[in-house]
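The values are calculated or read from the model by the stated rules, or taken from the named source; none is laboratory data. Since the model is a prediction, treat every value here as computed from it, not as a measurement. Here the Cβ is made from the backbone with ideal geometry for all residues, glycine too, and neighbour counts use every protein chain on show. Surface areas here come from the heavy atoms of the whole protein model, side chains and all, with no ligands, DNA or RNA. Shrake-Rupley method; radii C 1.70, N 1.55, O 1.52, S 1.80 Å.
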Amino acid sequence: MRDLQDRLGYLVLAATALAYFTVYTTSLGRPPGSFDYLAILNTTMPLVLVALGQSLVVLTGGIDLSVGGVVSLCVAITAATGGAPGWIFAVVLLGGLCGLVNGLVVAYGRIAPILTTLATLSVYTGAALWVLPVPGGSIAPEVRAVLSNPNVPTGLGWLALAVAGWWVLRRTRFGMRVYAVGSDETSARAVGVPVERVKAKVYALSGLCSAAAAVFYVATTTAGDANAGAPFILTSIASVVVGGVAFTGGKGSAMGAVAGAVALTLVIDVLFFAGIDPLYQSLFQGLFLVVAVLLGTGAALLARRRAA
Amino acid sequence: MNRRAAYAVAVAAVVLILGAVLSPGFASWPGLRAVLIVASFTGFVAAGQMLVVLVGGIDLSIPWVLNAAAIVLTTTGLGLADRLPLALALAVGAGLLAGLVNGLGVAWLGVPAVVMTLGMNGVLQGLTLGVSQGLTCGDCGHYAPQPLRDLFAGTVPAALLVWLGAALFVTVLLTLTTFGRRVYATGANPRAAYLSGVGVKGVTVALYTLSGGFAALAGIMLVGYGGQASLGLGDPYLFESIAAVVVGGVSILGGRGTYVGVIAGSLTLVAVTTVLRAQQVPEYGRLMIYGLVILAILFAYGRERAHD
Amino acid sequence: MTVTATGVGRAFGGVQALRDASFAARPGEIHALAGENGAGKSTLIKVLCGAIRADTGTVVVEGRVATAFQELSLLPDLTVAENLLLAAPPRGRLGLVRRSRLADEAALILSRYGASGVDPRSPARDLAVSQKQVVELVRVLALEPDVVFLDEPTAALAEREVDWLAGHMRRLRDAGACVIFTSHRWREIERLADRVTVFRGGTNVATRDRLSEEEAITLMTGRTLGATYPDVSEIVPGESALTVTGLTSGRLREVSFELRRGEILGVGGLAGQGQRDLFLTLFGAGKPAAGRLSVTRATGGTAEPVADGRPSARAGLLPDWPVRLRQPRDAIKAGIAYVPEDRKAEGLLLHLSIRDNIALATLARRSRAGFIRHRAEKAAVSGIAGKLAIGAGRSTAQAAGTLSGGNQQKAVMARWLLTDADVFLLYDVTRGVDAATKHDIYHLIADLARDGKAILFYSSETEEIAGLCHRVLVLREGRIAAELPGPVGDAETIVAASIREPADA
């Protein structure tokens, strides 16, 4: 049962995928084809990346509200520069830098993560508006072909890269330390974990992920908007929650969050094909979030009861 | 009043004086009146947010509780003065009910506050949009009944008296009653409070309920101020309420804070924006400066204790 | 010298934890730090091992250092294996951690240090307190350090595990390491230490090779104390105050007993035999599976027995347990008070005022329509604070966190004295309290008994139970294994009853 809680993200994803398949097939009279899967993959990639970064932060017991600002800023720059390779590199670097600033303030400034990133959210969003005052911009077709090609599953490669990145990270000393910090910061410090450095790095990685997400976002939508990042704040948190990562830190996995992100995107399609008025969409998303978490805590309770 | 609240008042005073120096109209009563009215909306939502933060929680459902109340008010009031009492009761009731459900989820089902209130936000968004069918009406102007609009007329608008009343209510509740003591005890150490006979769950539910009520109150007042309800009405108030609470010197970890500080925090935030507007700083600059001001204030008195 | 500290000072907030403290230890010795709580031992250890910085003075420590902290440094969400190998995990190609090898490697370490009873795959959170302590110690031992700091290493250990630790301490010493430890149990210091340094008020007052307990107490307190325990034999228990029948809850199995007015009833046994479940359940904070409790309340000096099963007017009797005693609030109404061991976690609200803390359990009594009657509250709190000499004339408006450890515990006691409870559940209330305050607390307990209060008393120091109680129930595996009548006098009898197999088994 303990495993059930750990695998919450995958279970929710499996259930949602099943629902998607059923609803799609009954509604259109044929099962979803490769084109549909690819469309889902491409639209979900940005959220997958942001959720990945968010989960790292949450694993240390923190939270990053500034993902919205970082995504907006990076979307603005990518779209304004048309996504030239040099600029993409710069954008990813800038995202990491934005995250690092968060991390330094949280770790060395000793300001609560939610407050730090709330303040920087405003700063980064402001910067995005400065770069791109009105929605627009463009993306080079070559970039689009490599990142989110609507016909060739390039996105799959990038998803695999993200998964591999986590796999490696989990097997570094840094990976172990992320869990140590989230589990009990004081104790981690006492046994020699450089807590401040771990935190700074985790926020920097989150910024990096948000920047990558921004590039994918522009590649998918082919244009930019300085407010593009705002929805990612709450959806990334929701992904992390559905993915079974505990808000107290130290428990869960980034892969769970990735599964959660895909599930959240699928839910929208499920609602669409089920013929539910799109106006009610957030109602079901909200219920989905709470029910997923209740299932997780229910499983944990059962496990404890059985152990006792 | 604690030390942090005193800082908050001092910061508000400095910002107001700065505003008076920078822009000529600011120091006049009409200028101040405008700031106070806008600050009162922040003050209402921040009152609820503060109550929840005092026990270490957070309320992310404020935007759509606010919207839902505003829309309940306009659609049941229909702009008719004699329907106003019913409309007010329904709007406030909707807010209290949403808060009650939040509280029950957090206290009894053990759903993390972030998840529960985020889910509630989604549920209310879907419900509101779905039931009102997007609320696109040609002449919403008459949807705010006249008595409600009159609250904002006159040299000393009655709306400010409503705020004063809310401030007295919160302050008396927290400082003079046994309930207030139990709130601070729960925030300071929930386990110790529980073992001293405090009904921690009941206290928590009551606070979330009140937060819902205050968000609804803000929605009602905003309808009166703007003369109509719009769907994005509550959006800015999620982060603004958290910012006002911490700028007001309330500890995000719970157990410490006063509403006097939160009033000062609300004034500071609104005054900063007003001054920047008067200086014709473009939106991107306002956002960035706003974030930096919050960050500076956090560095001044929002830091957590050192680790060693 | 391997470890040298000279003129070290360190303050926390306004409290000077160390002032001009000096200390030296050499290789190949076991050196004990003795002193009352708050004398600066833990702070000195933290300064020496580099966990915190000294404000003044110099510190020199040579060699590899390892520290077992009093508050344990295990990471609850990590497995035992991850905890043990966090610093140096097994690695494969590319320098990546081989997660599949973690458990095997940890099992090897655990068995090498004679602790193979612990499952390396288990998350640290799920371990019993004594197991956590063992893992913490193995973590330290496995580093094969030249200098070892052990802060209260035996606090959570059973007798057998203390022997295990003693063996390792001696082995390290004989191998030339410098072992520095603290303990509240004088017997352990006598048994293990080659030298003792006594601390008082943040500074070292003496370093000796041999030291008698009386001398040590004199050095630690700066004065001599009279007979430690008050004589309770002349307090005669009256009629029944609380009857427990067939209580099963957590680790408890079908426990039945009667507690009488004016009686101090001890609960003994090894650590973790269900004592905590018993206290918490009687206070409404447990999850009882079966059992019955009846409380007889005293009103105005005369006993008012209440028929089992029917709520009384004043407080209520709790017929079927799971129904009635659902939370501590119910227990408080029934005239039961619970003073916890860990005042920081379960007792105090550190940054609230002393007054708020003391008044917390009786708020409703001094209120009108939900509003606090501040004058009445101030009077009540000042009265009890004065009576217990809390905070030496300090204003009760100050934060409780500014009080010393002993005074903090007194403040928690004061909260419960205000409730006028008939039954006091005192769970390890002297833990981590200095000798002078302990002495005060013993007399306070005796006074309560004299006033006709019924007292259930548990202590991790069995001597206290032996010295202070009219009668002792010994718990083993959740059941009452023995009932020892009369003042027991010596701890050995209780310990013997705790470990002896039942005759009919």
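Data table
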item: Dipole of segment C:318-444 [Lys/Arg +1, Asp/Glu -1 at C-beta], most positive-end residue of C:349, C:444, C:430; result: C:349
item: 222 nm mean residue ellipticity, helices alone, for chain C (DSSP H n ≥ 4; -39,500 (n - 2.57); rounded to 500); result: -9000 deg cm²/dmol
item: Whole-number percent relative contact order across chain C, with pairs defined as alpha carbons under 8 Å at least 6 apart; result: 15
item: Estimated [θ] at 222 nm from DSSP helical runs (n ≥ 4, -39500 (n - 2.57)) normalised by residues in chain A, nearest 500; result: -26000 deg cm²/dmol
item: Using alpha carbons only: equivalent-ellipsoid semi-axes of segment C:352-419, gyration tensor based, whole Å; result: 20, 11, 10
item: Total charge dipole magnitude, the protein assembly as shown, about the Cα centre, Cβ charges on Lys, Arg, Asp, Glu only, Debye to nearest 20; result: 860
item: Set of aspartates and glutamates with alpha-carbon distance to residue C:387 below 18 Å, sequence-local pairs under 8 removed; result: C:356, C:377, C:420, C:440, C:447, C:451
item: Gyration tensor verdict on segment A:67-137 (Cα atoms; rounded if a/c is under 1.5, prolate if a/b is larger than b/c, oblate otherwise); result: oblate
item: Cα-Cα P(r), the protein assembly as shown, percent of pairs per 10 Å interval; result: 2, 9, 16, 21, 20, 16, 10, 5, 1, 0
item: Amide H partners (placed H, <5 Å) of residue C:255, local residues excluded; result: C:246, C:247, C:248
item: Selected from B:63, B:145, B:85 as most flexible by GNM, with chain B as the system and alpha-carbon contacts under 10 Å; result: B:85
item: Global geometry of segment A:2-307, whether rounded, prolate or oblate, following the gyration tensor of its Cα atoms and the 1.5 cut on a/c; result: oblate
item: Only Lys, Arg (+1) and Asp, Glu (-1) charged, at Cβ; chain A dipole about Cα centre in debye; result: 1040
item: Extreme residue, positive dipole direction of segment C:15-102, given options C:66, C:97, C:39 (C-beta unit charges); result: C:97
item: Where only alpha carbons of segment C:387-505 are counted, the Rg and the Dmax (Å); result: 16.6, 59
item: In segment C:173-256, the trypsin sites (Lys or Arg not before Pro) that fall in loop regions by DSSP, at most 10 other Cβ within 10 Å; result: C:210, C:223
item: 1.4 Å probe accessible area per residue over the protein assembly as shown, in Å²; result: 39
item: Within the protein assembly as shown, percent of DSSP bridges classed antiparallel, to nearest 5; result: 55
item: Relative contact order (%) - segment A:2-307, alpha-carbon pairs under 8 angstrom, separation at least six; result: 37
item: Carbon/sulfur fraction of accessible area - chain C, other protein chains in place, 1.4 Å, %; result: 49
item: Charge-dipole axis of the protein assembly as shown as Lys and Arg at +1 and Asp and Glu at -1 on Cβ define it, positive-most pick from A:135, B:196, A:237; result: A:135
item: D_trans [Stokes-Einstein, Kirkwood Rh over alpha-carbon pairs] for chain C, 4 °C, 1.567 mPa s, µm² s⁻¹; result: 52
item: Gyration tensor verdict on chain B (Cα atoms; rounded if a/c is under 1.5, prolate if a/b is larger than b/c, oblate otherwise); result: oblate
item: Helix-only mean residue ellipticity at 222 nm for chain B, each DSSP H run of n ≥ 4 adding -39500 (n - 2.57), per residue, nearest 500; result: -24500 deg cm²/dmol
item: Unit charges on C-beta of K, R, D, E only; dipole of segment C:352-419, Debye; result: 240
item: Mean Cα-pair separation over length for segment B:142-210, i.e. relative contact order, pairs under 8 Å, 6 or more apart, %; result: 15
item: J(HN,Hα) series, segment C:87-94, from Karplus relation 6.51 cos²θ - 1.76 cosθ + 1.60, nearest Hz, glycine and proline x; result: 6, 9, x, x, 10, x, 5, 6
item: Apportionment of accessible area to carbon and sulfur, chain B, percent (1.4 Å); result: 68
